[in-house]
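One structure is given below, encoded as structure tokens.
The values are calculated or read from the model by the stated rules, or taken from the named source; none is laboratory data. Computed from a predicted structure; not experimentally measured. Neighbour counts are summed over all protein chains in view; Cβ atoms, including those assigned to glycine, are modelled from backbone coordinates with ideal geometry. All accessible areas refer to the heavy atoms of the entire protein, side chains included, with ligands and DNA or RNA removed. Shrake-Rupley method; radii C 1.70, N 1.55, O 1.52, S 1.80 Å.
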Amino acid sequence: MRSLMSTEKARGGAAKEAFSGRTMFIFAAIGSAVGLGNIWRFPYVAFDNGGGAFIIPYLVALLTAGIPLLMLDYAVGHRYRGSAPLSFRRLHPKLETIGWWQLSICVVIAIYYALIIGWAMQYTVFSFSKAWGDDPSSFFMKDYMKVSDTVTIGFDFIWPVFIATAIAWLVLLVVLMMGVQNGIGKLNVVLIPLLVVMFLIMVGMALTLPGAAAGLDALFTPSWSALGDSSVWVAAYGQIFFSLSVGFGIMVTYASYLKPRSDLSGSALVVGFANSSFEILAGIGVFAALGFMATASGTQVADVATSGIGLAFIAFPAIISQAPFGTLIGVLFFGALAFAGFTSLISIVEVIVAGVRDKLGLSRPAAVALVVLPLAAVSLLFFPTTTGLNLLDVVDAFVNNFGIVAAALMSVLLLTSGFTALPTLRDHINSVSSFKLGRTWMIMAGGVTPVILGYILIDQLTQTVAEGYNDMPQWFVNVFGWGMAVGLIVISYLLSKLPWSRRTSEAFTSPAPSVQDAYLDRKALAEQRSLTHYPDTAGRTAALDQDFSLRAIDRGTVVQRTMPWSRTPAGDGAAQQTASAGTATRTSEGELS
């Protein structure tokens, strides 16, 4: 039996890497999902949307949209065993643009995400001396980031921030060079348990602070009337969607590194509930600390509660300055923030590396260098500057609200209604998983999810068009907000039209058949034509729990084909056709026996 436990030699000469086991994959997936948003976004979203009552729509959103979408991403990546562009192309050639759209979103996120990791690294050091003094807000905005009064693009570099961001990129370069197993996998196996231990210690210390109970009361006291507010439910679905790393290529890429026989649905349940558990843990720690801050300043928790950059780099430094053992709390908090951000950044950039590697047929070191060095250059050019904070604000809002949401909505609609791929993907999940999926999963992934995503997209779109964005100049928003969001779609379409490198045959072969729609592909079906250059490399039956493409991978019986540009020597054509036919016959017999 052919083994895919570590690497698989692909026909283009590149090695298809893999995680050594399901445990390492789960750690890597949790590392991607547990990011900055879990720590600085969830606590405030829960507080602002019903407190304890928010847990009900939050869990409903997790079960009806988060985990079903996670399973959908796993199915695409695991069945077609490629990067986001390659997996979607193998599913159906017309879907390649979706894969490049997801990859392009990762490019934008990566270039500013490293900056925040640099901040967290520096603030970990600042915690020892409490460098922010008595006014953390003024320190961050004026002394540390030196934010310009003019919203524009400038190149006045803040060298300490520049160096910290460069260090983050350098460490990332080294980890990705080490590969999927030795770099991404092993780092997550170390950092995720360490992150949890650090946060548990910080939460334990926060709970002993005076006023911690007031903070927890503010967070968990239920406002049952909020359950009748549609915006609360939308907030719950939005939080689940953004925190699980679904819809922009990460889980598709990571799932492609799994062994052929890996429990997909079980893994999705573990990752989904682990991510939500960490969010609740973060909420307890953050609001216990905010309760202390409110008590110390003689105000209400609602007056000091905030989220995002304001929570992490303004509110928490103020807490650290006043709290007993503040230095230790600061090191643990900002260290955890740096670890959570870094494991997420690894997954984001790996999406790009995998796509470039598949498209160009490059080795991993070459692909990593080709991706990371330009990304680092752009990141260091635009963001560690006096104008970088305003640019980050606009780019982050638009790439999330009009990039990730729109790409995920389009991919779900196409997989559901456009190419009717859900039955095939459901069968694939059931063929390798212990927890079987049926009609309910298809309704949740193909029915509930697009409705919620569509509502979120339309709501954000109408609000931003009517009110503008955050009092920013219109030209700035048009260029780096709307222009960026639309530009990603155009660039993705153009990338899908570029030819695949002759050094790889990945675009023309597949470990599983494409999904052919009875209406859209009626001509190809009538003529018995494949959607790619070659016939499907494995047979499949529609019966539940049977996917013979996986059996073909395990047994090494995948059909080998020559490249379309390879020339057949004169006189050998008939012999080659006979050999190919014999190979196909043996493959069919092996798969269906």
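Rolled with a 1.4 Å probe across the full set of protein chains, the surface gives LYS436 an accessible area near 100 Å². Can you tell which of PHE140, LEU173, ILE158 lies farthest toward the positive end of the dipole of the range 132-189, using +1 and -1 charges on the Cβ of basic and acidic side chains (Lys, Arg; Asp, Glu)? In the range 132-189, that residue is LEU173. With the charge dipole of the range 16-506 set up from +1 on Lys and Arg Cβ and -1 on Asp and Glu Cβ about the Cα centre, the Cα lying farthest toward the positive end among the listed residues PRO260, PHE27, SER225 is that of PRO260.
Estimated from the Cβ-Cβ distance and a Förster radius of 60 angstrom, the FRET efficiency linking ALA302 and LYS436 is about 0.85.
Computing the accessible area with a 1.4 Å probe over protein heavy atoms, can you report the carbon and sulfur percentage for the range 16-506? List each step's numbers first, then the result.
Values: 11220 of 16620 Å².
Looking at the range 16-506 in its full context, I get 67 percent from C and S.
Applied to the range 422-429, the Karplus parametrisation 6.51 cos²θ - 1.76 cosθ + 1.60 on θ = phi - 60° returns per-residue 3J(HN,Hα) values of 4, x, 5, 5, 4, 4, 5, 4 Hz, with x for Gly and Pro. Ligands, DNA and RNA are left out, and with a 1.4 angstrom probe the accessible area of the range 16-506 is 34 Å² per residue.
If you plug the beta carbon distance of VAL197 and ASP459 into 1/(1 + (r/R0)^6) with R0 = 56 Å, you get a FRET efficiency near 0.90. Descending by average beta-carbon neighbour count within 10 Å, the peptides 109-116, 490-497, 277-284, 359-366 line up as 109-116, 277-284, 359-366, 490-497, the highest first. Here the simple spin-label model places points 7 Å from the Cα toward Cβ, and for VAL486 and SER129 these points are separated by 4.8 nm. Taking 0.36 nm per residue of sequence separation and removing the Cα-Cα distance, the ILE443/LEU498 pair yields an extension gain of 16.3 nm. Cross-link partners for LYS436 among the lysines, with Cα-Cα distance under 23 Å and sequence neighbours closer than 8 places in the same chain left out: LYS259.
Annotation: peptides 123-130, 251-258, 149-156, 314-321, ranked by per-residue average of other Cβ atoms within 10 Å with the highest first, follow the order 251-258, 314-321, 123-130, 149-156.
Projecting the Cα atoms of GLY418, SER297, THR124 onto the dipole axis of the range 16-506, where Lys and Arg carry +1 and Asp and Glu carry -1 at the beta carbon, places GLY418 farthest toward the positive end.
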